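Colleague: I'd like to ask some things about the structure below.
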Amino acid sequence: QLHHYSLKGPTNLNELECGTQDPTECSVEMPSISSGLPRPPYRDAMKDKNSHAWLAGKRELDAIPEHSDLTPRWRIHDSLYDLSEFAAKHPGGSSWITKTSGHDITEAFESHHVGPRARTLLAKYRVGPCSTPRQSPFTFAEDGFYCTMRRRAYEILRQDDAEGLCARSRRFQEFLLGSFIALLLLSALTEQLLLTALAGVFLALNAICAHNFFHKADNWRMYIFDLTCFSSDDWRTSHALSHHQYPNTVLDLEVSALEPFLVFLPRNKNLVQRFLPIVYTQLLYPVVAPIEALKKLISLVRGQTSFRVESLLFWAPLAVLCLLLPSVQQALLYFACLHAVTSYVFATVGLIAAHHHPEIWHEGDELAPHYRDWGLFQIAAVRDRTLFVKNLVLVLIGFGDHALHHLFPTVDHARLGQLYPVFLKTLAEFETDYALCDQLDLAIGKYRQLARVTTNSLEEQFVQNKKQM
């Protein structure tokens, strides 16, 4: 049975997909929209699965009547703000503000600002109430899980980083960057393709580690991500604004962008989609990143995006290879090998890091009211691995401490480990269990999730956990 809890609009799932109230006119079987979020218009359009389409679709879904190009508005909870003049002063960088004009940014605002200063400053830019209800079902009650946890985290994070933890993450990123450059130069000077492949591994690790930095205020380390086929600016949208705020939902671009090849949401799938990914992902992963590079180029040609200087970093390794190798053809071969390996490692690590397992919530699974608290919802959509907790090196190269990272994305990974005592205390107070798993279980679980077509009930799980506690 399909469950639909959308806050407004069509109540028939087929109507959302086909624009018709007659389900017999539509042959597409839709997943349950159990999160309560409205289905975005770009969700199943192959050509529009990019950050530009996501921003435009989110703006359309949020439908702020008072917003226009002449009078831009940003919504936070039930109030409207004019942040036009503030964008240039924003400590995190202007792009966070400019790209979300016309959006309900409640989730991003609440999760990106751990301390109270931003909430105090916000009042200055309020222009009035919003005339329509919020589309998002998630709550931030002051006595709820997330706000309670955030206050406790702030009391720890406001103290000076006496141990120099953040400096450790910066130095490790620099070590990875130096290792990549050394391997790339060595591979060209010795004409060893195997060293180029090893440089690709280190480039992937650089990108994973740089993910720690593009969540923060603008900084040079975030641009290391642009050495790959990906874009740090695009990933601030697809990852920080889409995936982090709405993991495993219909608004998670990191889920929808992989469809129809990898369909993680429980729904009707054909046998190929269910049981053959273990075979064809080995062919898909090396080209995932190059396809993203092609999508970036198409968006630029279409005029959807503007040229960004950091995009030139992608071509820097090719320039080095052309200078040091005997021919352009050989340089192109090495460049292709570099990015194929980078793409394979990045996709492999990313998709078995935290989110996909039959016991983890995905859109379509029932969600108990208890999990409407945004923080508890994040817990439902994440699973941490035993080895990737409080081990800084593994955390930085393996998307570790993932639950805490989702709760506080702008906090340096190096300081997340300090929050575990209050994290566990707050979970216990709100009668919520959070179990760890091993990496092998999560790796196998990814394919089990791809094969899953039945839905789970998080409400039943919550009741069982409460009885056990």
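Colleague: Can you name the number of the only condition in (1) part of a loop (DSSP other than H, G, I, E, B); (2) in contact with a helix residue (DSSP H, G or I) (Cβ under 6 Å, 6 or more places away or on another chain) that residue 218 fails?
Modeller: Going through the list (1) part of a loop (DSSP other than H, G, I, E, B); (2) in contact with a helix residue (DSSP H, G or I) (Cβ under 6 Å, 6 or more places away or on another chain), residue 218 breaks only (2).
Colleague: Please tell me if residue 98 is within 25 Å of the chain's Cα centre (by Cα), open to solvent by 70 Å² or more (accessible area, probe 1.4 Å), of a type in the set (Val, Ile, Thr) and under 25 Å from residue 232 (Cα atoms).
Modeller: Values: within 25 Å of the chain's Cα centre (by Cα): yes; open to solvent by 70 Å² or more (accessible area, probe 1.4 Å): yes; of a type in the set (Val, Ile, Thr): yes; under 25 Å from residue 232 (Cα atoms): yes.
Criteria met by residue 98.
Colleague: Mind listing whichever residues of the stretch 142-197 are loosely packed, with under 15 Cβ neighbours inside 10 Å, among the β-branched types (Val, Ile, Thr) and under 29 Å from the mean Cα position of the chain (by Cα)?
Modeller: The one that is loosely packed, with under 15 Cβ neighbours inside 10 Å, among the β-branched types (Val, Ile, Thr) and under 29 Å from the mean Cα position of the chain (by Cα): 156.
Colleague: Can you name the residue in the stretch 236-288 that is of a type in the set (S, T, N, Q) and open to solvent by less than 10 Å² (accessible area, probe 1.4 Å) and is also nearest to residue 451 (Cα to Cα) among such residues? Walk me through how you get there before you give the answer.
Modeller: Filtering the stretch 236-288 for residues of a type in the set (S, T, N, Q) gives 237-238, 242, 245, 248-249, 256, 268, 270, 273, 281-282.
Within this subset, residues satisfying the condition of being open to solvent by less than 10 Å² (accessible area, probe 1.4 Å) are 237, 242, 245, 248-249, 256, 281.
Numbers: 237: 28, 242: 24, 245: 25, 248: 16, 249: 18, 256: 16, 281: 14 Å.
If we take residues in the stretch 236-288 being of a type in the set (S, T, N, Q) and open to solvent by less than 10 Å² (accessible area, probe 1.4 Å), then 281 is nearest to residue 451 (Cα to Cα).
Colleague: Here's a follow-up. Go through the stretch 126-143 and give me each residue that's hydroxyl-bearing (Ser, Thr, Tyr) and either farther than 21 Å from residue 373 by Cβ or part of a loop (DSSP other than H, G, I, E, B) (or both).
Modeller: If the condition is that a residue be hydroxyl-bearing (Ser, Thr, Tyr) and either farther than 21 Å from residue 373 by Cβ or part of a loop (DSSP other than H, G, I, E, B) (or both), then 131, 132, 136 are the ones that fit.
Colleague: Another one. Select, from 139, 120, 132, the only residue that is touching a strand residue (DSSP E or B) at 6+ places or on another chain (Cβ under 7 Å) and either open to solvent by 20 Å² or more (accessible area, probe 1.4 Å) or in contact (Cβ under 8 Å) with a residue 12 or more places away in the chain (or both). If you could, list the steps in order and put the result at the bottom.
Modeller: Numbers: 120 fails: touching a strand residue (DSSP E or B) at 6+ places or on another chain (Cβ under 7 Å); 132 fails: touching a strand residue (DSSP E or B) at 6+ places or on another chain (Cβ under 7 Å).
Sole residue among the options that is touching a strand residue (DSSP E or B) at 6+ places or on another chain (Cβ under 7 Å) and either open to solvent by 20 Å² or more (accessible area, probe 1.4 Å) or in contact (Cβ under 8 Å) with a residue 12 or more places away in the chain (or both): 139.
Colleague: For residue 250, are the conditions met, namely being closer than 30 Å to residue 456 by Cα and modelled with pLDDT under 95? I'd like the intermediate steps shown before the answer.
Modeller: Values: closer than 30 Å to residue 456 by Cα: yes; modelled with pLDDT under 95: yes.
For residue 250, the condition - closer than 30 Å to residue 456 by Cα and modelled with pLDDT under 95 - is met.
Colleague: Filter the stretch 323-343 for residues that are closer than 16 Å to residue 203 by Cβ and open to solvent by 40 Å² or more (accessible area, probe 1.4 Å) and give the result.
Modeller: The answer is 336, and nothing else.
Colleague: I would also like to ask the following. If I filter the stretch 366-379 for residues that are buried (at least 17 other Cβ atoms within 10 Å of the Cβ), at pLDDT below 95, touching a helix residue (DSSP H, G or I) at 6+ places or on another chain (Cβ under 6 Å) and assigned to a loop (DSSP other than H, G, I, E, B), do I get at least one hit?
Modeller: yes
Colleague: Moving on. In the stretch 296-322, how many are open to solvent by 60 Å² or more (accessible area, probe 1.4 Å), assigned to a helix (DSSP H, G or I) and either among the hydroxyl-bearing types (Ser, Thr, Tyr) or within 16 Å of residue 336 (Cα to Cα) (or both)?
Modeller: 2
Colleague: Considering the stretch 413-443 alone, what residues qualify as being in a loop (DSSP other than H, G, I, E, B) and either aromatic (Phe, Trp, Tyr) or touching a His at 6+ places or on another chain (Cβ under 9 Å) (or both)? I'd like the intermediate steps shown before the answer.
Modeller: Step one: of the stretch 413-443, the residues in a loop (DSSP other than H, G, I, E, B) are 430-436, 438.
Correct list: 430, 431, 432, 434.
A quick yes/no check of all residues on (1) open to solvent by less than 10 Å² (accessible area, probe 1.4 Å); (2) in contact with an Asp or Glu (Cβ under 6 Å, 6 or more places away or on another chain); (3) among the hydroxyl-bearing types (Ser, Thr, Tyr):
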{"residue": "391", "(1), (2), (3)": "no, no, no"}
{"residue": "395", "(1), (2), (3)": "yes, yes, no"}
{"residue": "398", "(1), (2), (3)": "yes, no, no"}
{"residue": "406", "(1), (2), (3)": "yes, no, no"}
{"residue": "414", "(1), (2), (3)": "no, no, no"}
{"residue": "418", "(1), (2), (3)": "no, no, no"}
{"residue": "422", "(1), (2), (3)": "no, no, no"}
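Colleague: For residue 80, state whether it is modelled with pLDDT of 95 or more and either surrounded by 12 or more Cβ atoms within 10 Å (Cβ to Cβ) or within 22 Å of residue 406 (Cα to Cα) (or both). Outline the logic, then answer.
Modeller: Values: modelled with pLDDT of 95 or more: yes; either surrounded by 12 or more Cβ atoms within 10 Å (Cβ to Cβ) or within 22 Å of residue 406 (Cα to Cα) (or both): yes.
So residue 80 fits the description; yes.
Colleague: When only residues in the stretch 382-399 that are of a type outside the set (A, V, I, L, M, F, W, C) and touching a residue at least 24 places away in the same chain (Cβ under 8 Å) count, which is farthest from residue 222 (Cα to Cα)? Spell out the reasoning first.
Modeller: Initially, the stretch 382-399 is screened for residues of a type outside the set (A, V, I, L, M, F, W, C), giving 383-386, 390-391, 398.
In the following step, the residues that additionally are touching a residue at least 24 places away in the same chain (Cβ under 8 Å) were identified as 383-386, 390, 398.
Values: 383: 25, 384: 24, 385: 25, 386: 27, 390: 22, 398: 17 Å.
This residue is 386.
Colleague: Taking the stretch 380-411 as the region of interest, how many residues are more than 22 Å from residue 214 (Cβ to Cβ) and in a helix (DSSP H, G or I)?
Modeller: 3
Colleague: Working only within the stretch 89-123, note down all residues that are charged (D, E, K, R) and within 23 Å of residue 151 (Cβ to Cβ).
Modeller: First, the residues of the stretch 89-123 that are charged (D, E, K, R): 89, 99, 104, 107, 110, 117, 119.
Selection gives 107, 110, 117, 119.
The values are calculated or read from the model by the stated rules, or taken from the named source; none is laboratory data. As the structure is a computational prediction, the values presented were derived from the model and not from experiment. Using ideal geometry, Cβ is built from the backbone for each residue, glycine included, and neighbour counts are taken over all protein chains shown. Calculation scope for accessible area: heavy atoms of the full protein, side chains included, ligands and nucleic acids excluded. Shrake-Rupley method; radii C 1.70, N 1.55, O 1.52, S 1.80 Å.
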